[in-house]
Structures are given as C-alpha cells and as structure tokens.
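The values are calculated or read from the model by the stated rules, or taken from the named source; none is laboratory data. What you see is a predicted model; the values in this text were computed from it and never measured. We place every Cβ from the backbone using ideal geometry, glycine too, and count neighbours over all the protein chains shown. What goes into the accessible areas is simple: the full protein's heavy atoms, side chains included, and nothing from ligands, DNA or RNA. Shrake-Rupley method; radii C 1.70, N 1.55, O 1.52, S 1.80 Å.
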Amino acid sequence: MSEDEPAASLPLSLLLIGAGRFTQDAANRALAERGDRSLRLMGALGHLVHEPGLSYSELARRAGVTAQSMQATVVQLERVGAVARATPAGRGRTAALHVTDEGHRMLGEMRQALAGLEEPLTEGLSAEERAVLTAALLRVAANAKAASAR
C-alpha cells in the first residue's frame, strides 16, 4: 500500500493478506525464541489434538502441504516426544498419530508464546471492537474453508 493510496480503497483480501503475513512472521519469531518451534509444528499438533489418529496424508491435506513435508514435520515431533504413532512404521502403512503428554505441554507452551501477539495487533481497539473483529474473522475463516471445499 502506498502512502497516497487510502487503505479503505484496498480490497479486503489484500488487507487480510498483509495482516496475515505480519502476524505469521511475528508468530514464527515468537515460537523460535522458545527453541525449535514453528507454526508448522503447532498446526500439526493442533490438528492431532482435535482429531487423534490422523494419518500423514490426512494431516497433510488439512495443513495444505504435501505428505512428504508433513512426514518430515511428524518425524521432528516424534524426535522430541510430542507425537507417537499407534501403528508400526513401514512404507505404505497408514500411521495413526497421537499427541503425547509432552506434545500437549509443548502445544500449551506455543499457545502461550502467541498470546502476547494479540495486544500489538489490536492496540487502540475497544473490548467491543475486539469481540466484533474476532467474530468477523471466524466467519471469514469459515467462509474460506467452505469455499475451498467446493
């Protein structure tokens, strides 16, 4: 956005992309400060907490990455004891993945790291405006999910 272009004239999609990129970069920095953590790892853990037993392929679909990329993510999580597979490893076998106690602890730590990002993003907004923004973003996310399923 240039200085002479008013923000109100920009498409909402561009505003969301800009805010999303800033937020994603800030989130990855906050997580990296706590060690070898990232949104990629947090996302995989979050999906598995909500739906234990997902396979690499299903987890990859939900995260919007390739199965190979997700496999590397899960291997990293297995190495630190955050995820365990309920089925034996082997080429062509479906891995039923579950979050361990360590994974739950790690996810809680990552959520805590991201909690501090909200204040600078919503500075100057009243509690009511924050509630309206939250509701609107939840609706936008649901609409985006529904549109991508079509």
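In the set (1) open to solvent by 60 Å² or more (accessible area, probe 1.4 Å); (2) closer than 26 Å to T23 by Cβ, V83 fails one condition alone, (1). Among the numbered conditions (1) modelled with pLDDT under 90; (2) surrounded by 12 or more Cβ atoms within 10 Å (Cβ to Cβ); (3) among the small types (G, A, S), the only one that A44 does not meet is (1). Condition check for H98 on (1) part of a helix (DSSP H, G or I); (2) open to solvent by 60 Å² or more (accessible area, probe 1.4 Å): one failure, at (1). Put simply, of A19, A63, A27 the only residue that is in contact (Cβ under 8 Å) with a residue 12 or more places away in the chain, surrounded by 13 or more Cβ atoms within 10 Å (Cβ to Cβ), more than 17 Å from H98 (Cα to Cα) and of a type in the set (A, V, I, L, M, F, W, C) is A27. Among the residues of region 101-150, which ones are in a helix (DSSP H, G or I), in contact (Cβ under 8 Å) with a residue 24 or more places away in the chain, closer than 28 Å to R34 by Cα and open to solvent by less than 70 Å² (accessible area, probe 1.4 Å)? G103, M106, L107, E109, M110, A113, L114, listed by residue number.
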